[in-house]
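The structure appears below as structure tokens.
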Amino acid sequence: MSLEQEMKLAVNGETKLNLADLEWLQAMVSEQKQLHLRTDYFDTPQMKLKQQGIALRMRQIDDQWLQTVKTSGNVQDGLHQREEWEHPIMNGEFDLPLLRQTPLAPIVDDSGSWKQLQRLFYTEFDRDILMLEADQDTLIELAYDFGEAVSGNNKAVIHEVELELRHGSLEVLQQIAEKLKSELPLSYNNRSKAETGYQLYQQQNTD
């Protein structure tokens, strides 16, 4: 288990950002890459996991699969702090022994509940990743995501910047988020991608 600490900033509008224009930001970049991500989110039709403050997802990155469990944690002014259990696995099938090491253990051990789990929604987006080396020995992963969340026929745009603290100062992370917000069309975002997907799922079932 690890504690995920990240700032989420929503991009206001659908025009893509050009982060290369920010010289001060580029001066901190130690590594960068681009990925295409597809992530399926699972729950029961009655959203039993959501009611317990748990998210279960399966993410595909090229030929790699990641199984992730997250708690809802605490969210304030764009800062998300959540417990996370994430493991690379061989294929798109859940690793039950690993899930038993998370808050999902009671669900895994209840065959009736486990059989009810299904994909309720998914996200698919392009991600630009910049690894930032900042003050106070702080390493930050900046992820710029552009794509969509989908549940049935309902879709929503994903257009956001995430700043995840890998190590170092949370205060430095917040300072960089504030500087980005002052120079780009960004606003603090308290909503996770999972929450967006759940909203789409609920709309799908009330339309």
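The values are calculated or read from the model by the stated rules, or taken from the named source; none is laboratory data. In this text, all values refer to a predicted model and were calculated from it rather than measured experimentally. For neighbour counting, all protein chains shown are included, and Cβ atoms are generated from backbone atoms with ideal geometry for every residue, glycine included. Surface areas here come from the heavy atoms of the whole protein model, side chains and all, with no ligands, DNA or RNA. Shrake-Rupley method; radii C 1.70, N 1.55, O 1.52, S 1.80 Å.
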Give the number of residues within region 195-207 that are in a helix (DSSP H, G or I) and either open to solvent by 80 Å² or more (accessible area, probe 1.4 Å) or at pLDDT 90 or above (or both).
8
Is it the case that residue 188 is under 16 Å from the mean Cα position of the chain (by Cα) and over 19 Å from residue 50 (Cα atoms)?
yes
Residues of region 49-64 classified as open to solvent by 20 Å² or more (accessible area, probe 1.4 Å), at negative phi and either aliphatic (A, V, I, L, M) or outside any strand (DSSP E or B) (or both), total
6
If you go through region 16-29 one residue at a time, how many are surrounded by fewer than 11 Cβ atoms within 10 Å (Cβ to Cβ) and touching a residue at least 40 places away in the same chain (Cβ under 8 Å)?
1
Among the residues listed as 32, 46, 67, the single one being assigned to a strand (DSSP E or B) and surrounded by fewer than 18 Cβ atoms within 10 Å (Cβ to Cβ):
32
Taking the condition touching a helix residue (DSSP H, G or I) at 6+ places or on another chain (Cβ under 7 Å) and either touching a residue at least 60 places away in the same chain (Cβ under 8 Å) or more than 27 Å from residue 181 (Cβ to Cβ) (or both), does residue 55 pass?
yes
Selection from region 110-129 of residues that are more than 23 Å from residue 195 (Cβ to Cβ) and touching a helix residue (DSSP H, G or I) at 6+ places or on another chain (Cβ under 7 Å)
114
When you look at residue 156, is it small (Gly, Ala, Ser), open to solvent by 10 Å² or more (accessible area, probe 1.4 Å), touching a residue at least 40 places away in the same chain (Cβ under 8 Å) and out of contact with any Cys (no Cβ under 8 Å at 6 or more places or on another chain), yes or no?
yes
Among the residues of region 141-163, is there at least one that is out of contact with any helix residue (DSSP H, G or I) (no Cβ under 9 Å at 6 or more places or on another chain) and basic (Lys, Arg)?
no
Pair list, Cβ < 8 Å and 6+ apart or interchain, from region 165-194 residues that are among the small types (Gly, Ala, Ser) to residues that are surrounded by 13 or more Cβ atoms within 10 Å (Cβ to Cβ) and part of a loop (DSSP other than H, G, I, E, B):
177/78
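Per-residue answers, yes or no, for (1) surrounded by fewer than 15 Cβ atoms within 10 Å (Cβ to Cβ); (2) aromatic (Phe, Trp, Tyr); (3) modelled with pLDDT under 95:
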{"residue": "99", "(1), (2), (3)": "no, no, yes"}
{"residue": "102", "(1), (2), (3)": "no, no, yes"}
{"residue": "106", "(1), (2), (3)": "yes, no, yes"}
{"residue": "111", "(1), (2), (3)": "yes, no, yes"}
{"residue": "115", "(1), (2), (3)": "yes, no, yes"}
{"residue": "144", "(1), (2), (3)": "no, yes, no"}
{"residue": "170", "(1), (2), (3)": "yes, no, yes"}
{"residue": "189", "(1), (2), (3)": "no, no, yes"}
